[in-house]
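A.B. asks: If you scroll down you'll find the structure; I have some questions about it.
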Amino acid sequence: MTSFGVVSRVRKLSGQRRVGHTGTLDPFADGLLPVCIGRATHVVRYMDGYDKKYRVRAVFGRATDTQDLTGNTVFCHPPSEEERRQLLCSDFAVLRQAVNGLVGKREQIPPMYSAVKVAGRPLYAYARKGETIERKSRPIEIYAADLETVGLERVDQAETMTATLVIHCTKGTYIRSLVDDLGRQLGYGAYADRLTRLTCGPYRLEDAQNLEVLFARFRACPDIGAFWQEMAAEGRLLAPRTALSGFQTVLLTETEALRLITGQPLSLPADAAGLPESAAGRPVVFASRDQMIAVGLLEQEQADAYRVHTERVLIDLADFRQT
């Protein structure tokens, strides 16, 4: 299922049009996809920079144009009998060394089969027509690359090396490109056979909800309202504040909160509750009465005062007055 397909199904479950996701998954991939519903879509923009963690199964001996199992073969070199013997005798030392070498900062060129847009069109649209477009490299960082399993097995009528890796990285990292890099470095070629996202920022796959299970529960409820009451009672719905757990929180009085909600200018003293040191230019969450009010920036207007520049108001006046 595509990421858009997930959003479409959640719209049916929620009865709302305002549904958005963060962190598009490749069509061949599965795993965690954070989805925001209703007013929570306001925080999607702040989730874009999340670090991610993936588990990928790499198959060596063949490279493809898409760098995954769905593509056409562009290079083929299964390890010979002697090479397989050397790999086994060395406990796959060359692969272990190559995986360790992935850690650190690097530049990565987006693959042609990706959704990166050039002149308003995604790269894959050019690739499907056999066109290759010059792409600019992007900075990424690999925090950790762990080799979970490695061995020899028969794939496509040839005995070759396969490996499972867990990679923790910054946003925008193409894991299948890292697998392709490993294949080039070892001389065998490689492609991503399976890819699963394990984490996205503060969210983990083991805490995710299975769509098929949700639909089964949905069909068993008398109406959509009862379904969502059950989901809320079971703690299956997460508050938008969980998406901003890494942000500094500044506490406002009720009067100050009302000014932000109604679009009025607001200045805060430098000793306001929760105001971080060197606060200027840093996005912060403004909260009052245990409710998130807005996300915004602080601009120092005097030595002892900051002006608030609101980016997103996260609550309306009626809901704030009800709390």
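A.B. asks: Cα centroid distance between the stretch 213-234 and the stretch 288-305, in Å?
C.D. replies: 38
A.B. asks: Sticking with this one: How much solvent-accessible surface does residue 89 expose, in Å² to the nearest 10, with a 1.4 Å probe and all protein chains in place?
C.D. replies: 100
A.B. asks: Next question. What number comes out for the charge environment of residue 142, summing +1 per Lys or Arg and -1 per Asp or Glu over other residues with Cβ under 10 Å away?
C.D. replies: Neighbour charge sum, excluding residue 142 itself: +1.
A.B. asks: Starting from the 7 Å offset along Cα-to-Cβ, what nm value, one decimal, do you get for the label separation of residue 305 and residue 166?
C.D. replies: Roughly 5.2 nm, to one decimal.
A.B. asks: Return the FRET efficiency for the residue pair residue 11, residue 185: r is the Cβ-Cβ distance, R0 is 56 Å, and the value is rounded to the nearest 0.05.
C.D. replies: That pair, residue 11 with residue 185, gives E of 0.80.
A.B. asks: Mean separation of Cα pairs under 8 Å and 6+ residues apart, divided by the residue count of the chain: what relative contact order is that in percent?
C.D. replies: Here the relative contact order equals 19 percent.
A.B. asks: Per residue, how many Å² of accessible area does the chain show with a 1.4 Å probe?
C.D. replies: In whole numbers, the chain has 53 Å² accessible per residue.
A.B. asks: Quick one: check the C-alpha center-to-center distance for the stretch 170-208 versus the stretch 28-80, whole angstrom.
C.D. replies: Using only Cα atoms, the two centres lie 6 Å from each other.
A.B. asks: Something else about it: Using θ = phi - 60° and the Karplus relation 6.51 cos²θ - 1.76 cosθ + 1.60, list the HN-Hα couplings for the stretch 257-270 in order, rounded to whole Hz, with x at every Gly or Pro.
C.D. replies: Calculated HN-Hα couplings, in order: 4, 4, 5, 5, 4, 8, x, 8, x, 9, 10, 10, x, 5 Hz.
A.B. asks: Over the chain, what is the percentage of antiparallel beta bridges among all DSSP beta bridges, to the nearest 5?
C.D. replies: 90
A.B. asks: If you place +1 on the Cβ of every Lys and Arg, -1 on the Cβ of every Asp and Glu, and leave all else neutral, what size is the dipole of the chain about its Cα centre, to the nearest 20 Debye?
C.D. replies: Value, rounded to 20: 900 debye.
A.B. asks: Here is a follow-up. For the chain, modelled as a Gaussian network with Cα springs under 10 Å, which listed residue fluctuates most, 263, 189, 71?
C.D. replies: Result: 263 has the largest fluctuation of those listed.
A.B. asks: Between the stretch 252-268 and the stretch 140-162, what is the separation of their alpha carbon centroids in Å?
C.D. replies: Between the Cα centre of the stretch 252-268 and that of the stretch 140-162, the gap is 55 Å.
A.B. asks: Summing Lys, Arg as +1 and Asp, Glu as -1, what charge do residues with Cβ under 9 Å from the Cβ of residue 45 carry, residue 45 excluded?
C.D. replies: Values: positive: 312; negative: 48, 311.
Within the 9 Å Cβ shell, the charges total -1.
A.B. asks: For a label point 7 Å from the Cα of residue 233 along Cα→C-beta, name the residues of the stretch 5-20 whose backbone N is under 19 Å from it.
C.D. replies: 14
A.B. asks: Here's a follow-up. Ignoring ligands, DNA and RNA, please state the percent of accessible area on the chain from carbon and sulfur, probe 1.4 Å.
C.D. replies: Ligands and nucleic acids excluded, carbon and sulfur reach 48 percent.
A.B. asks: Also, I was wondering about something else. In whole Hz and in residue order, list the ³J(HN,Hα) couplings for the stretch 42-57 that follow from phi through the Karplus curve 6.51 cos²θ - 1.76 cosθ + 1.60, θ = phi - 60°; x for Gly and Pro.
C.D. replies: With coefficients 6.51, -1.76 and 1.60, one gets 5, 9, 4, 4, 8, 9, 5, x, 4, 6, 10, 9, 10, 10, 10, 9 Hz.
A.B. asks: Can you give the helix-only mean residue ellipticity at 222 nm for the chain, where every DSSP H stretch with n ≥ 4 adds -39500 (n - 2.57) and the sum goes over all residues, rounded to the nearest 500 deg cm²/dmol?
C.D. replies: Value at 222 nm, helices only: -7000 deg cm²/dmol.
A.B. asks: Starting from the residue with the highest accessible area, list 68, 271 in decreasing order, probe 1.4 Å.
C.D. replies: Ranking 68, 271 by accessible area, largest first, yields 271, 68.
A.B. asks: Sticking with this structure for a sec: Keeping all protein chains in place and using 1.4 angstrom, which order do 114, 8 fall into by accessible surface area, from largest down?
C.D. replies: Values: 114 5, 8 45 Å².
Ranked list, largest accessible area first: 8, 114.
A.B. asks: Would you check the accessible area of residue 313, probe 1.4 Å, heavy atoms only, in square angstrom rounded to 10?
C.D. replies: Per-residue accessible area (residue 313): approximately 50 Å².
A.B. asks: Around residue 236, with a cut-off of 13 angstrom between Cβ atoms, what is the net charge of the other residues, counting Lys and Arg +1 and Asp and Glu -1?
C.D. replies: -2
A.B. asks: May I pose another question? What FRET efficiency, computed as 1/(1 + (r/R0)^6) with R0 = 25 Å and r the Cβ-Cβ distance, is obtained for residue 153 and residue 205, rounded to the nearest 0.05? Mind showing how you got there, number by number?
C.D. replies: Values: r = 25 Å, r/R0 = 1.01.
Rounded to the nearest 0.05, the efficiency is 0.50.
A.B. asks: What is the distance, in nm, between label points placed 7 Å from the Cα along the Cα-to-Cβ direction at residue 297 and at residue 82?
C.D. replies: With each label point 7 Å from Cα toward Cβ, the separation is 6.2 nm.
A.B. asks: Once the piece of chain linking residue 212 and residue 264 is laid out straight, how much longer is it, given 0.36 nm per residue of separation minus the C-alpha distance between them?
C.D. replies: 14.2 nm
A.B. asks: OK, next. Determine which aspartates and glutamates satisfy two conditions relative to residue 105: a Cα distance under 12 Å, and not lying fewer than 8 residues away in the same chain.
C.D. replies: Cα-Cα hits under 12 Å: 141.
A.B. asks: Still on this model: As a test of reading the structure, rank 218, 4, 75, 227 by solvent-accessible area (1.4 Å probe, protein chains only), most first. Intermediate results must be reported in sequence, preceding the final value.
C.D. replies: Numbers: 218 55, 4 140, 75 90, 227 0 Å².
Heavy-atom accessible area, descending, gives 4, 75, 218, 227.
The values are calculated or read from the model by the stated rules, or taken from the named source; none is laboratory data. Quick caveat: nothing in here was measured; it's all calculated off a predicted structure. With ideal geometry, Cβ positions are generated from the backbone for all residues, glycine too; neighbour counts draw on all protein chains shown. Heavy atoms of the whole protein, side chains included, go into the accessibility calculation; ligands, DNA and RNA do not. Shrake-Rupley method; radii C 1.70, N 1.55, O 1.52, S 1.80 Å.
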